[in-house]
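Worksheet for the structure shown next.
The values are calculated or read from the model by the stated rules, or taken from the named source; none is laboratory data. If you're wondering where the values come from, they're calculated on a predicted model, not measured in any experiment. Every residue, glycine as well, gets a Cβ built from its backbone with ideal geometry; the counts of neighbours run over all protein chains shown.
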Amino acid sequence: MTTNALTAKNLTVSFGGLKALDGLNLNVELGQFLGLIGPNGSGKTTFFNVLTGIYKPTNGTVTLGETDITGATPNQIYEFGITRTFQRLRLAPTLSVLDNLILGNQRNLHLGFIGNIFNRKRLRREIASQTEQSRELLGRFSSGLVSKLYEPITALSMIDRRRVEVCRALISDPKILLLDEPSAGMTHDETSALMNELLAWRDQHKELSIILIEHEMDLIDRICDRCVVLNYGQKIAEGTYQEVANDRMVREAYLGED
Amino acid sequence: MVPSIFRERWPVVLLGLAAYVSTFLFLHLEQEWEIALLLGIVPLVLYFAKKFGISAKCRQAVDAAPVFTRAVFLLSALALIVTLRHEHFALLLLATVLLYATISMGLTIQFGYAGLVNFAAIAFFGIGAYSMAVLNQSPNGLPDLMIIVIGGVVAALIGSLLILPVLRTKGHYAALITIAFGLLFRSFLEVNDILGGPQGLKVSGLNILGWDFAQSFPAILGGGSFYVSYTLLALVLLIGVFSMTRLIESSWLGLNMDSVRLDETASASFGINVARWKIMAFTVGNFFAGMSGALYASMSGFVAPASFNLSDSLLLVSIVLLGGMGNAVSVIPAAFLVVVLPEKFQVIQEYRLLLFAVIVILILRFKPSGLMPRPLRRLINTSSK
């Protein structure tokens, strides 16, 4: 008996007359690596934006474990334990790697105005522990980055930026990690390296469920436990990669066969 | 022991000395050709300092000894006040620079950290000024120092009402709201009889613990113009506000504000309450402007709507752009240039807005991060290795 980490029921999002998501039913099991594929405009990123509270669903529900999180704000979603990366990197480019990682760890910061200004002793302790935590996370995820802790993001290569973005999403120890096309702008080898690091991470964190939007099919084949295919906001197939790749509707959507 | 310390720290002393000499000359000299000559020499000196590696050494020395650096600059500011103690006009200019720099610290927090445009800075300055004028007149027994703080609080409170519509808009629209507020504030003053209408109100001088600011500086402390007292108080205010700004920058507060400025969507997705940080930045910034205005009112002896124009708000924004967005140090020399130069060049006076507009455009085109770009942010005790 597997438990569902995340369940979307009859999820619908309309922009005017356009249904970006149309009655989507989708679930992720605890610890599962789910691949989300589909042609451009099929609603993958919209799905992420609904999950993270950026868009409100027109209809349907989202449940995290037993908790109904439909319509929660992005702040609340983060507190519930869902974090994400973005298709186009959204790090703070002029800040250091350390600052970006700490920004992912809001829930463990002490944010009172008075405390920050006047209780510097406590702030120093917090900064020291946050720095230690960031250093340790980088060391475990991708040890080469540790030496770049104080570099600004603009000084990093594309793959290192992606790594920092993934680490920012991991530092708060989320339940669900959403990866929006992490291969964008990277070479095949770089993507492969990043995915190996993710798999290694997942092996140490069995409770973490991951949803990955990806266009590179061999990657999906290699790392995902299960796939869901979207087209026009609806789920048209699901199963293992092999099952999905041979599905007639999927081939139609991608290749235009009749 | 002393020589080895001096070997590391002489660049800081040199910087302090250079700051003292150049500001003294700018304030003391009166002939336009002298000022023009000075304006030619300063960039040359800076150029050669850079060429011979002196700037780099200075930067290193400043980074290595922050407390010592502050002490040196405090000393040169005090020396400046002492040497100018009999010159009314120079001191008035200096005090104005300090008060403008204080408002610019507020703008640095709003604009440079949280990314909130505020084209109504002078209105919040004016709110502080009118608070002083009203509270100082009535025999309520409030100590003057407390009225200065109250001026800041009133500005912050009114600002927290203005922020509500600002939060519902973005970019240019938010800027328009602040412009509208600045204009409304002036019209409100002009038609309000209780606040003196267009003639404004008279403000009596400060009296702090029996020290009457309207009298000449006490002879026992060396004597001098009554502006010495105001300049000293303005310096204290600036130091306080500057320290506060640096404390904000080096803590979680500054980090969160930076994140809000750089990417609201990403910030929201990582648990940052965007509205909360904008409100905080706006409130703190207006608090600074209000205190500065309260001190200004008692120094100038009267407040009138004509002192709080949109053009002054624009000058303040140009100070921040000229200095470097988000760099709390650089707004001080920028405030100095923007306040002092038009006073020294009467020719400029009339065209100063035009001139500063051209300068701002040139800055945005060729050096968008300002004359002294903000260094990579650093949290306390995370010295880069």
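Conditions tested, residue by residue: (1) over 28 Å from A:GLY115 (Cβ atoms); (2) more than 14 Å from chain A (Cβ to nearest Cβ); (3) more than 17 Å from the chain's Cα centre (by Cα).
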| site | (1), (2), (3) |
| --- | --- |
| B:ASP258 | no, no, yes |
| B:GLU264 | no, no, yes |
| B:GLY271 | no, no, yes |
| B:ALA275 | no, no, yes |
| B:PHE287 | no, no, no |
| B:LEU295 | yes, yes, no |
| B:PHE308 | yes, yes, no |
| B:LEU314 | yes, yes, no |
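Note on the stretch A:154-258: enclosed strands (runs of 3 or more DSSP E) holding 1 or more residues that are within 30 Å of B:LEU376 (Cα to Cα) are A:176-180. Can you find a residue that is in contact with a Leu (Cβ under 8 Å, 6 or more places away or on another chain), outside any helix (DSSP H, G or I) and assigned by TED's automatic domain parsing to the domain that holds B:ILE332 anywhere in the stretch B:146-164? Within the stretch B:146-164, none of the residues are in contact with a Leu (Cβ under 8 Å, 6 or more places away or on another chain), outside any helix (DSSP H, G or I) and assigned by TED's automatic domain parsing to the domain that holds B:ILE332. Taken together, the residues in the stretch A:36-57 that are charged (D, E, K, R) and crowded, with 19+ Cβ neighbours inside 10 Å amount to 1. Counting only helices (runs of 4 or more DSSP H) that sit wholly inside the stretch B:214-290, those with at least 3 residues that are under 25 Å from A:LEU123 (Cα atoms) and among the aliphatic types (A, V, I, L, M) are B:227-249, B:252-262. Please specify each residue of the stretch B:355-372 satisfying the condition of being within 17 Å of the chain's Cα centre (by Cα) and within 14 Å of another protein chain (Cβ to nearest Cβ). The one that is within 17 Å of the chain's Cα centre (by Cα) and within 14 Å of another protein chain (Cβ to nearest Cβ): B:GLY370.
A:ALA155 fulfils the conditions (1) under 19 Å from the mean Cα position of the chain (by Cα); (2) surrounded by fewer than 16 Cβ atoms within 10 Å (Cβ to Cβ); (3) within 11 Å of chain B (Cβ to nearest Cβ) except for a single criterion, (1). Restricting attention to the stretch A:99-115, the residues that are within 7 Å of chain B (Cβ to nearest Cβ) and surrounded by 23 or more Cβ atoms within 10 Å (Cβ to Cβ) total 4. Considering the stretch B:18-121, the qualifying helices (runs of 4 or more DSSP H), each wholly inside and each with 3 or more residues that are of a type in the set (Ser, Thr, Tyr), run over B:66-83, B:88-107.
For every residue, the table says whether it meets (1) within 14 Å of B:LEU255 (Cβ to Cβ); (2) at pLDDT 90 or above; (3) more than 11 Å from chain B (Cβ to nearest Cβ); (4) in contact with a Leu (Cβ under 6 Å, 6 or more places away or on another chain).
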| site | (1), (2), (3), (4) |
| --- | --- |
| A:LEU91 | yes, yes, no, no |
| A:LEU138 | no, yes, yes, yes |
| A:GLY144 | no, no, yes, no |
| A:GLU151 | no, yes, no, no |
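Listed here are the residues, each with its yes/no results for (1) farther than 19 Å from B:GLY271 by Cα; (2) within 14 Å of another protein chain (Cβ to nearest Cβ).
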| residue | (1), (2) |
| --- | --- |
| A:THR61 | yes, no |
| A:LEU64 | no, no |
| A:ALA72 | no, yes |
| A:GLN76 | no, yes |
| A:THR83 | no, yes |
| A:ARG88 | yes, yes |
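Here A:LEU179 fits the description: crowded, with 20+ Cβ neighbours inside 10 Å, in the same structural domain as A:VAL13 (by TED's automatic domain parsing) and at pLDDT 90 or above. Only one entry of B:LEU221, B:LEU238 meets the criterion of being under 21 Å from the mean Cα position of the chain (by Cα), more than 7 Å from chain A (Cβ to nearest Cβ) and under 23 Å from B:ARG85 (Cβ atoms), and that entry is B:LEU238. Report yes if some residue within the stretch A:125-136 is within 9 Å of chain B (Cβ to nearest Cβ), surrounded by fewer than 21 Cβ atoms within 10 Å (Cβ to Cβ) and farther than 16 Å from B:LEU379 by Cβ; otherwise report no. Checked against the condition, which is being within 9 Å of chain B (Cβ to nearest Cβ), surrounded by fewer than 21 Cβ atoms within 10 Å (Cβ to Cβ) and farther than 16 Å from B:LEU379 by Cβ, the stretch A:125-136 yields no hits at all.
Can you tell me which residue is farthest from the other protein chains (Cβ to nearest Cβ) among those in the stretch B:241-256 that are touching a residue at least 60 places away in the same chain (Cβ under 8 Å), among the polar types (S, T, N, Q) and within 19 Å of A:HIS110 (Cβ to Cβ)? Here the answer is B:SER250. For residues that are surrounded by fewer than 20 Cβ atoms within 10 Å (Cβ to Cβ) and of a type in the set (A, V, I, L, M, F, W, C), scanning just the stretch A:196-218, find the one that is nearest to A:ASP173 (Cα to Cα). If we take residues in the stretch A:196-218 being surrounded by fewer than 20 Cβ atoms within 10 Å (Cβ to Cβ) and of a type in the set (A, V, I, L, M, F, W, C), then A:TRP201 is nearest to A:ASP173 (Cα to Cα). Which ones in the stretch B:263-300 are surrounded by fewer than 22 Cβ atoms within 10 Å (Cβ to Cβ), among the small types (Gly, Ala, Ser) and under 18 Å from B:ALA123 (Cα atoms)? Hit for the stretch B:263-300 is B:SER300, nothing else. On the basis of being free of Cβ contacts under 8 Å to residues at least 40 places away in the same chain, part of a helix (DSSP H, G or I), in the same structural domain as A:GLY112 (by TED's automatic domain parsing) and not polar (S, T, N, Q), does A:GLU132 make the cut? Yes: the conditions hold for A:GLU132. Residues in the stretch B:169-192 that are more than 26 Å from the chain's Cα centre (by Cα) and modelled with pLDDT under 85: 1 in all.
Return a yes/no flag: does the stretch B:335-357 have any residue that is closer than 30 Å to A:THR154 by Cα, of a type in the set (A, V, I, L, M) and buried (at least 19 other Cβ atoms within 10 Å of the Cβ). No - not one qualifying residue is present in the stretch B:335-357. Checking each residue in the stretch B:1-20 for being at pLDDT 85 or above and either under 15 Å from B:LEU337 (Cα atoms) or of a type in the set (D, E, K, R) (or both) picks out B:ALA19, B:TYR20. Scanning the stretch B:10-52 for residues that are among the small types (Gly, Ala, Ser) and in contact with a Leu (Cβ under 7 Å, 6 or more places away or on another chain) gives a single hit, B:GLY16.
Filtering the stretch B:26-46 for residues that are in contact with a Phe, Trp or Tyr (Cβ under 7 Å, 6 or more places away or on another chain), touching a residue at least 24 places away in the same chain (Cβ under 8 Å), of a type outside the set (Ser, Thr, Tyr) and exposed (fewer than 14 other Cβ atoms within 10 Å of the Cβ) leaves a non-empty set.
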